[in-house]
Amino acid sequence: MWAGVDEHWLHKGISPVLPKLWELVPYLGVGAQPDEEGGCVLRGAHDMSAMRHIRSVITVTGLAFEARIAGGVTVISDGLRTGATLQAEIERGSRGVISFGIAGGLAPNLLPGQWVVASAIVSDHERHVPDARWSERLLQALPRARHAMIAGADAPVADPRAKRALHDRTGAIVVDMESHLAARIAAAHGLPFTACRVIVDPAHRNLPPAALLGLRPDGSPDITAVLRSVMEQPSQLPDLMRLAFDATIARSALRRGRALLGPALAFPDRINLEMELAPALG
């Protein structure tokens, strides 16, 4: 199959981009992607059992690669069952909820790899203020992090004009599709919440159609649809390649930042929580 596709692309003179596009999909696919553990909840090395999950921190992400970097107990948002999945994990026992991963830039002059710690989460119908102590610890741990509002959206914000309009309307400097959902559910359960995100696409960057395609019903990326989109609109290739480069920067920043946050993701009650997590880390 791939030989045929590659031959078709070769006639168009663009077959060398195939590996880059394959790598791009896990960065920008909307919704949950299945991982080795399956489903929309991952339990990594930081938190292996139900006993160790009790009184832990739950991370909310939008993509499987973000979840793997986050470790611990991570809910991957799929936009449909996110609320129920997160609520079920909270009911198993949790001290707090954190939104973690990549985000789109809204304010000008912010580059890929820039960390943003939420001063507030805003959407069209609600506003949530993160836990002050937790957010301060994130700011202390993450190098050159900005403390500013994060916008929550139910669909990708892809066009520079739409990004500018959202920035003007809300004052937020980045946008993601998970933070407002996580903040809402954490508030309903009276749990501390915070959010930290890394910019992947700056405000002036347009997200091309192939980067916005949805996933298959099982959550896996539809590679065929991505390739078909590029073959039908090869003019989007420059934007796709630029986006792949920006995503590499963002992913590296995400890994470096995660290493600085410690097992409990800078949760304020760090000493007691890390003592509880220590058996899982050994």
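The values are calculated or read from the model by the stated rules, or taken from the named source; none is laboratory data. Note that the structure is a prediction, hence the values are computed from the model and not measured. Positions of Cβ are backbone-derived with ideal geometry, glycine not excepted, and every protein chain shown enters the neighbour counts. These accessible areas exclude ligands, DNA and RNA; they are computed on the full protein's heavy atoms, side chains included. Shrake-Rupley method; radii C 1.70, N 1.55, O 1.52, S 1.80 Å.
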Test: Val57 is modelled with pLDDT of 95 or more, open to solvent by 10 Å² or more (accessible area, probe 1.4 Å), farther than 30 Å from Pro234 by Cβ and not charged (D, E, K, R)
no
Among the helices (runs of 4 or more DSSP H) confined wholly to the range 148-260, which include 1 or more residues that are more than 26 Å from Arg81 (Cα to Cα)?
160-170, 223-232
Which of the residues belonging to the range 111-138 are outside any strand (DSSP E or B), at pLDDT 95 or above and crowded, with 17+ Cβ neighbours inside 10 Å?
Pro112, Gly113, Gln114, Pro130, Asp131, Trp134, Ser135, Arg137, Leu138
Residue that is farthest from Glu126 (Cα to Cα), among those in the range 156-169 that are touching a residue at least 60 places away in the same chain (Cβ under 8 Å) and open to solvent by 30 Å² or more (accessible area, probe 1.4 Å):
Pro156
Note on Gly79: of the conditions (1) at pLDDT below 90; (2) in a strand (DSSP E or B), unmet is (2)
Yes or no: Arg68 touching a His at 6+ places or on another chain (Cβ under 6 Å) and modelled with pLDDT of 85 or more?
no
